Amino acid sequence: MKVEEIEPSLWQGRLGAFWESLLETSSNSTIFLSLPWISAWWRHFGRQAVPRLMAVWGDDQTLWAVAPLYGRSFLPAAIPGPEILRFLGDEGVGSEYLGILLHRDHQASSLQAIAHHLQGRWSLLDLKGLREDWASTLATRQTLA
């Protein structure tokens with residue numbers, strides 16, 4: 001398994017078809033976790049943010065998870081400080097049901113890989129928009145805690 005952070009300019013080319021396939025195999029698939037929605041949100045609202053979109057690839061080269069996150073400083077942009085991680089799509093529009101897009105057969109291992117990759121790289125995780133009734137919500141909270 002491999003975790004890869006992918007820059008916005010590469011999302012479509014690197015993830016396009018894989019992301020669509022993951023949407024079909026995820027138990028928490030919504031329009032708000034689709035590549036077109038996330039990309040449009042980023043273009044319009046991503047200024048002064050640091051993209052932290054992570055893809056989790058299985059050993060068989062299939063996409064197991066997409067963690068659409070971004071970071072913002074607690075302080076004004078010119079002053080370095082603690083980073084808050086948030087879900088892409090969490091402000092500026094009516095996004096609902098945000099979270100981590102997970103293949104239904106690889107949820108726990110994907111969440112563990114994401115947590116390991118992020119270890120020590122953020123100060124606060126804001127889960128605004130995370131759907132309460134998804135089966136993966138409790139696992140997401142516990143694993144990233």
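Structure above, values below:
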item: Condition broken by residue 136, with the remaining ones in (1) out of contact with any Ser or Thr (no Cβ under 9 Å at 6 or more places or on another chain); (2) open to solvent by less than 50 Å² (accessible area, probe 1.4 Å); (3) not in a loop (DSSP other than H, G, I, E, B) satisfied; result: (1)
item: First in region 18-31 and under 14 Å from residue 136 (Cβ atoms) and at pLDDT below 90, second anywhere and of a type in the set (S, T, N, Q) and part of a helix (DSSP H, G or I), Cβ under 6 Å, 6 or more apart; result: 28/136
item: Residue tally, condition in contact with a strand residue (DSSP E or B) (Cβ under 6 Å, 6 or more places away or on another chain) and closer than 18 Å to residue 33 by Cα, over region 105-124; result: 3
item: Flag for residue 17 being of a type in the set (Gly, Ala, Ser) and either in a loop (DSSP other than H, G, I, E, B) or buried (at least 16 other Cβ atoms within 10 Å of the Cβ) (or both); result: no
item: Flag if residue 111 is within 28 Å of residue 1 (Cα to Cα), among the aliphatic types (A, V, I, L, M) and open to solvent by less than 20 Å² (accessible area, probe 1.4 Å); result: yes
item: Check on residue 37, surrounded by 20 or more Cβ atoms within 10 Å (Cβ to Cβ), assigned to a helix (DSSP H, G or I) and free of Cβ contacts under 8 Å to residues at least 60 places away in the same chain; result: no
item: Test: residue in region 102-118 that is assigned to a strand (DSSP E or B) and touching a residue at least 40 places away in the same chain (Cβ under 8 Å); result: yes
item: Options 79, 84: the member that is of a type in the set (A, V, I, L, M, F, W, C), at pLDDT below 90 and assigned to a loop (DSSP other than H, G, I, E, B); result: 79
item: Selection status of residue 96, within 17 Å of residue 32 (Cβ to Cβ), without any contact (Cβ under 8 Å) to a residue 60 or more places away in the chain, open to solvent by 40 Å² or more (accessible area, probe 1.4 Å) and assigned to a loop (DSSP other than H, G, I, E, B); result: no
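The values are calculated or read from the model by the stated rules, or taken from the named source; none is laboratory data. Everything numeric in this text was worked out from a predicted model, so none of it was measured. Glycine also receives a Cβ, built like all others from the backbone with ideal geometry; neighbour counts cover every protein chain displayed. SASA here: full protein model, heavy atoms, side chains in, ligands and nucleic acids out. Shrake-Rupley method; radii C 1.70, N 1.55, O 1.52, S 1.80 Å.
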